[in-house]
1. Checking A:ALA311 against (1) within 28 Å of A:SER619 (Cα to Cα); (2) more than 10 Å from chain B (Cβ to nearest Cβ); (3) buried (at least 23 other Cβ atoms within 10 Å of the Cβ), which single condition isn't satisfied?
2. Please indicate, with yes or no, whether at least one residue in region A:459-475 is at pLDDT 85 or above, more than 11 Å from chain B (Cβ to nearest Cβ), more than 25 Å from the chain's Cα centre (by Cα) and under 29 Å from A:MET37 (Cα atoms).
3. Which residues, counting only those in region A:438-450, are among the hydrophobic types (A, V, I, L, M, F, W, C) and surrounded by fewer than 24 Cβ atoms within 10 Å (Cβ to Cβ)?
4. For region B:4-31, what are the residues that are within 15 Å of B:GLN98 (Cα to Cα) and not charged (D, E, K, R)?
5. Of the conditions (1) among the β-branched types (Val, Ile, Thr); (2) surrounded by fewer than 24 Cβ atoms within 10 Å (Cβ to Cβ); (3) within 14 Å of chain A (Cβ to nearest Cβ), B:THR350 satisfies every one except a single condition; which number is it?
6. Could you please find all residues in region B:329-383 being assigned to a helix (DSSP H, G or I) and on the phi > 0 side of the Ramachandran plot?
7. Would it be correct to say that B:ASP603 is modelled with pLDDT of 90 or more and closer than 30 Å to B:ALA50 by Cβ?
8. Quick one: would you say A:VAL555 is in a helix (DSSP H, G or I), over 27 Å from A:TYR361 (Cβ atoms), at pLDDT 90 or above and more than 12 Å from chain B (Cβ to nearest Cβ)?
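The values are calculated or read from the model by the stated rules, or taken from the named source; none is laboratory data. On a predicted model such as this, the values are computed, not experimentally measured, just so you know. Here the Cβ is made from the backbone with ideal geometry for all residues, glycine too, and neighbour counts use every protein chain on show.
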2 protein chains.
Amino acid sequence: MNETALVFAPISGILGLLFALYLSNKISKEDTGTDKMREISSYIHEGAMAFLTREYRTLAVFILIVFMILGLFINWSTAICFAIGAVFSILSGFFGMQVATKANVRTANAARKGQNKALEIAFSGGAVMGMSVVGLGLLGVGILYIITRNAEIVTGFGLGASSIALFARVGGGIYTKAADVGADLVGKVEAGIPEDDPRNPAVIADNVGDNVGDVAGMGADLFESYVGSIISTLTLGVVLFKDGRGVLFPLVLASIGVISSIIGSLFVKGKEDSNPQKSLKNGTYVSSILVLIAAGILSYTLFGGLKAFWAIAGGTLVGVIIGQLTEVYTSADYRHVKKISYQSQTGPATTIISGLAVGMYSTVPSILFIAVAVLFSFFVMGGFANSMAGLYGISLAALGMLSTTGMTVAVDAYGPIADNAGGIAEMSGLPKEVRQITDRLDSVGNTTAAIGKGFAIGSAALTALALFASYSQAVGIKAIDLLNPLTLVGVLLGGVLPYFFAALTMEAVGKSANEMIEEVRRQFRENPGIMEGKEKPDYARCVDISTGAALRQMVLPGILAVVVPVAVGLILGAEALGGLIAGSVVSGVLVAILMANAGGAWDNAKKYIETGEFGGKGSGAHKAAVVGDTVGDPFKDTAGPAMNILIKLMTIVSLVFAPVIAQYGGMLINNLVK
Amino acid sequence: MNETALVFAPISGILGLLFALYLSNKISKEDTGTDKMREISSYIHEGAMAFLTREYRTLAVFILIVFMILGLFINWSTAICFAIGAVFSILSGFFGMQVATKANVRTANAARKGQNKALEIAFSGGAVMGMSVVGLGLLGVGILYIITRNAEIVTGFGLGASSIALFARVGGGIYTKAADVGADLVGKVEAGIPEDDPRNPAVIADNVGDNVGDVAGMGADLFESYVGSIISTLTLGVVLFKDGRGVLFPLVLASIGVISSIIGSLFVKGKEDSNPQKSLKNGTYVSSILVLIAAGILSYTLFGGLKAFWAIAGGTLVGVIIGQLTEVYTSADYRHVKKISYQSQTGPATTIISGLAVGMYSTVPSILFIAVAVLFSFFVMGGFANSMAGLYGISLAALGMLSTTGMTVAVDAYGPIADNAGGIAEMSGLPKEVRQITDRLDSVGNTTAAIGKGFAIGSAALTALALFASYSQAVGIKAIDLLNPLTLVGVLLGGVLPYFFAALTMEAVGKSANEMIEEVRRQFRENPGIMEGKEKPDYARCVDISTGAALRQMVLPGILAVVVPVAVGLILGAEALGGLIAGSVVSGVLVAILMANAGGAWDNAKKYIETGEFGGKGSGAHKAAVVGDTVGDPFKDTAGPAMNILIKLMTIVSLVFAPVIAQYGGMLINNLVK
């Protein structure tokens, strides 16, 4: 195998995109049902596109500023890579959303005939997002590396992907939860109308939120994880193998990953009335096994042994385990969620305490397995005898986790499409049986979303740690010594950032939800016809409020993540910045796991009570569980997922600015203490 | 000044103890009021003593086991120091509680005549605890150092103090919150009887809890902070100055601190009806200023310059600032608590979210100031040119924060005495005016407690970091490199421990509270005469439940803190253990600040609403705020404060076991990867 094999990367990227195009066309041909369904789905589609357009307009300013800074202080090649990364991330979100908001109504319509067709459409919609993510990611990294032959410059692409991801996750997360909380509190609790009732003015915003948060936001998140894991392997691989094998391996493996995901997605088919979860799992298993076989062959061909394969396999395995752990802590089939439901009987306080405890407990095994993945991949590839190879091993573990990203995103994005389909069915007054099918598809989506979140956290931790090693290379320091007080201070500052970030985003949700609550109350008050079903509520106004609030409040957190690492590097120096990264990774991963799992557990504890346990719906326990669920919403859908991106973005910012920090870093403190 | 000045330390220690004895006798001479008051106070006294006796019996087993391990694997001198440290910590808790449970009834009685005398008695009671802590601490460290002339062996004393502190804090914290939550939920909410109503079977347990948690637990906590800061300065001072000046400085300064605290406590006097907070502040200011003057003179005499003074002063200043920050985030005079109260209007979910956000925000300035303290004291004493001196500077900053511990503990322990006095007044049916006075004294206690908590966290962070430096010295490693994956894994494991610990202790409170709730419900059900006031409830049974639950559930967290660092050191090696310490300090401090401030803020948000804001008592906002307060209880009084001890205990365990880890550390992993 020689260097021309590099072209595999962009070719597979294009292949992925073509497959996405094929699926998209197939979905478009499906029937969109009744006029009422079309009307509602067009509201959702327009709301989602309006949000994206306004979001991208805001981001354009940010991209331009960072582009100029990079050009002037680093170099214009990196700046251009950055811009391409940002644009590609935006494009993948855009494609994914376009199709997701087409697939929802068609899924609802297919559900009128049966489960199987509905599952196929919903999953195909998700697969478009998945293929767009990996297609554009691999195309971008592949072509840019072939042109520049410089891994450091390609890092700019990762920076672009990461910054857009942060804004998309935070903005989308604020949007979706503000709409969700607003719709629930006034609609369900105050006005006593069911979920997805068309009389609720916030109902369209709520459904738009599923798309901008769980489709576009999640897609951007995994786009950057995917790109980040490839880039971290590239930067270390260039140093390790002078003959280019270190670069060839991740690019070819990622290419095979794309093709495996395509093949895997063809296996997502079930018999009518079979468990949809099984079909989704089949697809995931097929693509994982294909990638692992390829990794073995590739490892043997390129490196003459199976060390690289073991690192990849270790990462994949730990990724699966962390995903399963998430299920243990957040599914009502296990004791943790049951315990929270039980504690709900003594009121909301005990619900909150037990949920937080479950979230905290869940950090322990997750961290242990991440630690195992780090040590295993380090020692299997090189250990202390060849620590560069060892670090390369850690990046391979991350790559292993993310090699089937196409499939992961497809499964993840399938959830909100099914959720939306249910909403459309409800609002269009389709028969109950339709809603039952979409509910069934949706409930599987909740589980897969939880598993996907665990996966995203685990891979983020490994990617960040691998990028951390690249950073030390790039900045030219041999050690990041904790006995140096500057490093310690860096760790302290890095540790506190996720807390600050979580507080900012949680509060943003609270503020935006309050605006939404006021608006919904106003509409009910001023137009009594709405509740009587005689007047149409002003959906657009609610969509607008969510959009405005999300955009306003995503700016500060986003800027912080970029500015803080550079500032710490310049003021306190390269070692302190190393400490900052390590501190933020550890603290961020902990907060992310806590929030994702506590949030998921509260959600399912509520649902468990709704099945009739501990008094069922309407009981005191249920009311307490609803409080838990509401607290959990910003945890699991806003603050928690943003952590993954925060830690990777800060690491990649440090990596890109490494040349500047190597030259000017710590000047202030050095002058001060003279 | 020469080495004989070392005897200052034990002499001042004895002086502190004599002053405690004097105050204790003075309190005993005060009138104990009516028969009813005496009866109730005897219940509290007996309940508290019963708990302590059973707790100490459990601890005896632990002490014996660790004593044997230390003797066999380290040396018998260290083992003896450990035992003395444990016994001294127990003694200080025992003395303090004895007097606190005497002072409460006398404070209640004095409040029948006026505020001033009541303040004096309550504060004197607290001062006995304060003087016992510093007296025994300084006596122990001073004498043991004079005898052994070996700082490493004296570290055993610190280990004894730390382990008892952890059990006392965790056990006391579980006890007090189980009783509190149990009494409130059944009494106030279900039965609708007021706080401290003698018909509530858990009311005595609740009052006992104030003593075992906030007096004995808090005293043991600060005993170990105090001892830890002196020991960390000693261990570094021995290496830095071969002529003993490095040892003389902390011991003499601590001696002056004791005397300053005695003098300061004499200034805690106010005019009738003056603000009691002002009197307490006066005392604190006087003792701080005296210590600072002494530090200046001592610094100049011993080191021929003011560098050491600046490190001390920097630490003291940052301690004060962190205390004030705590007030900003937890007092209703500032916007944060008002915001939580405002959010309570939309229900418990928004109360919880905004409280968590406030807690998270509050970590930012606290961490920044801790970082400033670290850098300032490091660079002012030596910087990179003399990094040993710099590290000594960090330990001096911690010493500076803790030099007036006598006064800090006195002010802290005053709170629960005033609280208890209020309870006794209520239960004995004293007139309303008496309760008003004790309430006023109590509310000041809440503020001082919050400030004291901030102080405890800041000093714990600095002490742990200083001990961390001592650890690297003792274990003989030159660097703890974050680029070494073993270190990184250590940081990850260290980071997760506080989460595990917090989950364990929070859940313990939940379980114990449930037992208490069941028992109170049972008594009400089986003896209807209780509610009619005809029958006396079975107080002893409730006391027994809290005691049993607390003792059972303090064991696992306590053992974890000792076993994990040794296990990580032996399995993964000395550098990984260094990472573990750093990770646990950063993560633990963050969790501690979050929990202390969120808990304090919820508490005061509830009280703010009770003053009539947002609908006042009984409104929806109030009900939501009560939920916040109940969640905050285990945060601020159990899990949060235990963090401080956890991080210090793990550090000191590592320090004591450094010789073993230096020899055998990492053997497993080294053999494995060969």
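1. (1)
2. No, region A:459-475 has no match at all.
3. We begin by selecting, within region A:438-450, every residue among the hydrophobic types (A, V, I, L, M, F, W, C); these are A:441, A:444, A:449-450.
The one that is among the hydrophobic types (A, V, I, L, M, F, W, C) and surrounded by fewer than 24 Cβ atoms within 10 Å (Cβ to Cβ): A:VAL444.
4. Within region B:4-31, B:LEU17, B:ALA20, B:LEU21, B:TYR22, B:LEU23, B:SER24, B:ASN25, B:ILE27, B:SER28 meet the criteria.
5. The number of the failed condition is (2).
6. Here is the first cut: in region B:329-383, the ones assigned to a helix (DSSP H, G or I) are B:329-330, B:335-346, B:348-381, B:383.
Passing the criteria: only B:GLY383.
7. Taking the combined requirement at face value, the residue satisfies it.
8. Taking the combined requirement at face value, the residue does not satisfy it.
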